[in-house]
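Structure below; questions to follow.
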Amino acid sequence: MVKLVVTFLGTSAAAPTADRGLPAVAVKREGEVVLMDCGEGVQRRVLSESLGLGSDMSILITHLHGDHVTGLLGLLQTMSLAQRRKPLNVVGPEKLLKWLEVTAELLHIGLTFPIQFSVTKPGVVLRTGGFRIRAARAAHSVEAFSYLVEELGRPGIFYPERAKSLGVPEGKLWSRLQKGKSIRLGGKRVDPLQVTGPPRPGRKIGYSGDTRPSAKLARFFSGCDLLIFDSTFRDSDREKAVERKHSTSLEAAELAKTAKARQLVLTHFSARYTSVSSLVREARRAFPHTIAASDGLSIEVPYTE
Ligand SMILES: [Zn+2]
Ligand SMILES: [Zn+2]
């Protein structure tokens, strides 16, 4: 089974605390990394979690608020010092590229690698070796997006007896069929669907960024294996959440329930809470499969079937 691991690099909102850094979440699968948001100090977490400065990486930025973006420049600079050559995918609001270009020029940062920049728009924003990434509009105080990281589908279950009955010898040809590729045997084509079940869906990870909950986002995150959601406030502070365009932990849980997510991880906690256990408790009343993110927490996402 291919491992799909989500690691929280920073879990605080707006300002860091002694225990929580600014927002950043990494998704790792077979050497490929998708990094969502780049709070200040993210580069140290990239190193401590061994994500690799030269790795096959795509960076998704939800919106242009300093706590989600200011770590990007330092990360790019350190990648250059490490002589990265591989192109880097960066996806974010249009003005992100302008900020990067202007600041890199002013600070004399010469990048050693190309940035493949995509402007975030609702719909599919990026396809990589292992993932398809979609965006939807979030409801925040500035233009903001939520992302859905979908693992590309897996071939169906392989049935060896079917391969044997078609005369396919065990070995390389089986392996090709198992990977969903067709083969030629004695002038005849054997299609993977002749020896496997129907293709199985990949795993889905949702990341809200900063947002109010909405019916649209509940639909966007429908069936997520892991949903990571804005939980800046406790429900007794809902007025502040409404005013500042964030969510409470209970609102995050209600949305996870509507979306039929399998697991909810609360993150982006206001620095006002020294403990987030009450936020988790109130969320679990609506959605029991809820945990709180903490810096350095890694979660392996299992297949549904
Ligand atoms: Zn924020
Ligand atoms: Zn924000």
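Residue check: is Tyr147 out of contact with any helix residue (DSSP H, G or I) (no Cβ under 8 Å at 6 or more places or on another chain) and either closer than 14 Å to Met57 by Cα or open to solvent by 60 Å² or more (accessible area, probe 1.4 Å) (or both)?
So Tyr147 fails the test.
Turning to a different aspect of this structure: So, of the residues in segment 1-47 that are in contact (Cβ under 8 Å) with a residue 60 or more places away in the chain and polar (S, T, N, Q), which turns out to be farthest from ligand 1 (Cβ to nearest atom)?
For segment 1-47, the residue satisfying everything is Thr7.
Please name all residue pairs, on different chains or six or more residues apart, with Cβ atoms under 9 Å, provided the first residue is in segment 222-244 and is open to solvent by less than 30 Å² (accessible area, probe 1.4 Å) and within 16 Å of ligand 1 (Cβ to nearest atom) and the second residue is outside any loop (DSSP other than H, G, I, E, B) and of a type in the set (Phe, Trp, Tyr).
What qualifies is Ile228/Phe8; Ile228/Tyr207; Phe229/Tyr207; Ser231/Phe269; Thr232/Phe269; Phe233/Phe269; Ala241/Phe233.
If you don't mind, another one. Hey, can you tell me all the residues within segment 150-190 that are among the charged types (D, E, K, R) and assigned to a loop (DSSP other than H, G, I, E, B)?
Glu170, Lys179, Lys181
While we're looking at this one, here's another question. Kindly evaluate Arg20 against the criterion of being within 16 Å of ligand 2 (Cβ to nearest atom), over 30 Å from Ile157 (Cα atoms) and either part of a strand (DSSP E or B) or open to solvent by 20 Å² or more (accessible area, probe 1.4 Å) (or both).
For Arg20, the condition - within 16 Å of ligand 2 (Cβ to nearest atom), over 30 Å from Ile157 (Cα atoms) and either part of a strand (DSSP E or B) or open to solvent by 20 Å² or more (accessible area, probe 1.4 Å) (or both) - is met.
Now for a different question. Just one of the numbered conditions (1) surrounded by 14 or more Cβ atoms within 10 Å (Cβ to Cβ); (2) of a type outside the set (Phe, Trp, Tyr); (3) out of contact with any strand residue (DSSP E or B) (no Cβ under 7 Å at 6 or more places or on another chain) is not true of Gly202; which one?
In the conditions (1) surrounded by 14 or more Cβ atoms within 10 Å (Cβ to Cβ); (2) of a type outside the set (Phe, Trp, Tyr); (3) out of contact with any strand residue (DSSP E or B) (no Cβ under 7 Å at 6 or more places or on another chain), Gly202 misses (3) alone.
The values are calculated or read from the model by the stated rules, or taken from the named source; none is laboratory data. Quick caveat, the model's predicted, so the values are computed rather than measured. So basically every Cβ, Gly included, is an ideal-geometry build from the backbone, and we count neighbours across all protein chains shown. With ligands, DNA and RNA removed, areas are computed over all heavy atoms of the protein, side chains included. Shrake-Rupley method; radii C 1.70, N 1.55, O 1.52, S 1.80 Å.
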